[in-house]
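Structure, as structure tokens:
The values are calculated or read from the model by the stated rules, or taken from the named source; none is laboratory data. Remember, it's a predicted structure, so these values are computed and weren't measured experimentally. When we count neighbours, we look across all protein chains shown, and the Cβ atoms used for this are built from the backbone with ideal geometry, even at glycine. Surface accessibility is based on the protein's heavy atoms, side chains included, excluding ligands, DNA and RNA. Shrake-Rupley method; radii C 1.70, N 1.55, O 1.52, S 1.80 Å.
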Amino acid sequence: MSSVPRQVYLVVLVPALFGMAHHVDHIVRGNHVGWPLTPEVNAFTFSLAVYPLLAFGLVLTVTGRVGLRYWLGFLTANSVLLTAVHLGPWAIEPPSDIITPYSEPLVGYGAFGLLLAFIGAVFIGAAYTAFLTVRGGQ
């Protein structure tokens, strides 16, 4: 079995739940949605690749084939991509694209808060796996 501490599963699965909620938010607000829901291939389409990579990583972790370094790379890459796509100076989907499609501003700010929680959870996961890796994990 895996030598990865149980807490690592938590810091992987919590962001995954936030990610699913964020993808649902895309669909509800109806912008920045791509294939398979529309014919357009865009960042939304490519972001769906996170789920097979997550499943692949979980299977390999449970069977002892990968460890902390896989999750460190996975979470670090996701934190960089999420920040760049949503908050960076060249953001494809800036905060206004999340907040303004909703007729009720409070709902829009809630959706943006969800995104910030998602990004925060991914950063916490990356920091935690980095800590464990530096401390001597694999």
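The table below gives the values:
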| item | result |
| --- | --- |
| Every pair of residues 6+ apart whose Cβ atoms lie under 7 Å, when the first sits in the stretch 87-98 and is under 16 Å from GLY34 (Cα atoms) while the second is assigned to a loop (DSSP other than H, G, I, E, B) and not polar (S, T, N, Q) | GLU93/HIS32; ASP97/HIS32 |
| Residue within the stretch 110-124 that is within 19 Å of THR76 (Cα to Cα) and without any contact (Cβ under 8 Å) to a residue 40 or more places away in the chain present | yes |
| Every residue from the stretch 125-138 that is farther than 13 Å from THR76 by Cα and open to solvent by 40 Å² or more (accessible area, probe 1.4 Å) | VAL134, ARG135, GLY136, GLN138 |
| In the stretch 1-39, residue surrounded by the fewest Cβ atoms within 10 Å (Cβ to Cβ) [restricted to those that are free of Cβ contacts under 8 Å to residues at least 40 places away in the same chain and outside any helix (DSSP H, G or I)] | PRO39 |
| Some residue of the stretch 50-64 being over 22 Å from VAL14 (Cβ atoms) and not charged (D, E, K, R) | yes |
